[in-house]
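Novice: Here's a structure for you.
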Amino acid sequence: MSALAHQHKAINLAQGFPGFPVSEELIGLVHHYLREGYNQYSPMQGILRLREVISQKQQKLYGTYFDPETEVTIAAGATEAMFSAISAVVKTGDEVIVFEPAFDIYVPAIELNGGKVVRIKLKHPDFHYDWEEVKAAITAKTKLMIINSPHNPTGRVLRKEDVDALAEIVKDTKILVLSDEVYEHMVFDGKEHFCLAVHPLLKDRTMVVASLGKVFHCTGWRIGYCLAPKVLSAEFRKAHQFVTFSANTPIQYAMADYLENEWNYLSLSSFFQTKRDLLRDLLKGSKFELLPAEGSYFQLASYKEITDQHDVEFAKWLTVEHGVASIPISVFYKDGTDDKIIRFCFAKEENELGKAAEKLGLLA
């Protein structure tokens, strides 16, 4: 869709990356460490100071401690962390529960490692979890469950009752949990992000993946991390060292400095909520029905009042004929479930959102 947007000079609300500059302070910090000669490999697990700052951040925000020496690992982006985490624990024949609509990294990583994907659909229209269905899907071969909150593409945020239900299901099993929390600092309307590692029944079995690239608007820098108990971290590092060995060295040092100022990440929820609210306000009166957007930087929109076209064809048509690119939600399902919903990314400049909304508002 981004290629199609580029070809037709459309406003790109499709691909999930920020459309505004990186902090000048952060760029300056990277420049400083480049100039100071921090340009060779870092330790495989990441520089210790960054791991210490992340550990402190986790404890301040959620009250859960991860040993920076043995339980925090810096990765070359959250995608690499997800791949390494799956590779570390999934073997041939293992079953992995994935909730659809699902981000596209999960299934290929599972299948490449010989695992079997067990798909469970979040329930339309609010995309809630059916924990009874989850319980029924568990077998003796279930090895891992992948949870994503705030959720891409739906923007749904886990409730406390969801976390409690998950913990109850896995408590007497050996099932592991992989928690994709890359949008943890983008939660709206006073809702709370529940880090799964906080729950006493989940901490010893959960690997948490997060992204500094997402948090600080520099997705091209490819820097994320994995938090996991010592035993799981050791397995994670066995995979990580052969996937990429280590993350970008000067950026790690810069991130350690930048994370020292809590405002740099605590301000993000209000920052992105302002953008979400702007897009929603601009689209009032349009033919689009906007679904709840509780977190992340994505807004789902139903176009049932416009056409009954398949969502892939509608998204292409919207790009080519009306100059706004989006993502059709059917591509997040193996069976191509088409609920006539597309996804907009609102991590863009206000004038760009305004121009896009003006074009979308013309649809009859």
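Novice: Give Gln252, Gln241 a once-over and let me know the one that is polar (S, T, N, Q), in contact with a strand residue (DSSP E or B) (Cβ under 8 Å, 6 or more places away or on another chain), assigned to a helix (DSSP H, G or I) and farther than 25 Å from Val187 by Cβ.
Specialist: Gln252
Novice: Can you pull out the residues in the range 256-276 that are in contact (Cβ under 8 Å) with a residue 12 or more places away in the chain and of a type in the set (Gly, Ala, Ser)?
Specialist: Ala256, Ser269
Novice: Additional query: Among the listed residues Phe298, Phe236, identify the single one that is touching a residue at least 12 places away in the same chain (Cβ under 8 Å), among the hydrophobic types (A, V, I, L, M, F, W, C) and within 19 Å of Ala357 (Cα to Cα). Spell out how you get there, then give the answer.
Specialist: On the way: Phe236 fails: within 19 Å of Ala357 (Cα to Cα).
Only one candidate qualifies: Phe298.
Novice: Also, I was wondering about something else. Filtering the range 115-148 down to residues that are out of contact with any helix residue (DSSP H, G or I) (no Cβ under 8 Å at 6 or more places or on another chain) and under 19 Å from Met207 (Cβ atoms), which residue is surrounded by the most Cβ atoms within 10 Å (Cβ to Cβ)?
Specialist: Result: Asn148.
Novice: So in the range 16-32, with the set limited to residues that are out of contact with any Asp or Glu (no Cβ under 9 Å at 6 or more places or on another chain) and either in a loop (DSSP other than H, G, I, E, B) or among the hydroxyl-bearing types (Ser, Thr, Tyr) (or both), which one is nearest to Ala325 (Cα to Cα)?
Specialist: So the residue we want is Gly16.
Novice: Further, regarding this structure: Hey, among Lys334, Lys287, which residue is of a type in the set (Lys, Arg), surrounded by fewer than 17 Cβ atoms within 10 Å (Cβ to Cβ) and in contact (Cβ under 8 Å) with a residue 40 or more places away in the chain?
Specialist: Lys334
Novice: Separate question: Do we have Asp104 as surrounded by fewer than 24 Cβ atoms within 10 Å (Cβ to Cβ) and either under 16 Å from the mean Cα position of the chain (by Cα) or of a type in the set (S, T, N, Q) (or both) here?
Specialist: On the way: surrounded by fewer than 24 Cβ atoms within 10 Å (Cβ to Cβ): yes; either under 16 Å from the mean Cα position of the chain (by Cα) or of a type in the set (S, T, N, Q) (or both): yes.
It is true that Asp104 is surrounded by fewer than 24 Cβ atoms within 10 Å (Cβ to Cβ) and either under 16 Å from the mean Cα position of the chain (by Cα) or of a type in the set (S, T, N, Q) (or both).
Bear in mind that the values in this text are calculations on the coordinates, not laboratory data. Given the structure is predicted, the values throughout are model-derived calculations rather than measurements. Neighbour counts are summed over all protein chains in view; Cβ atoms, including those assigned to glycine, are modelled from backbone coordinates with ideal geometry.
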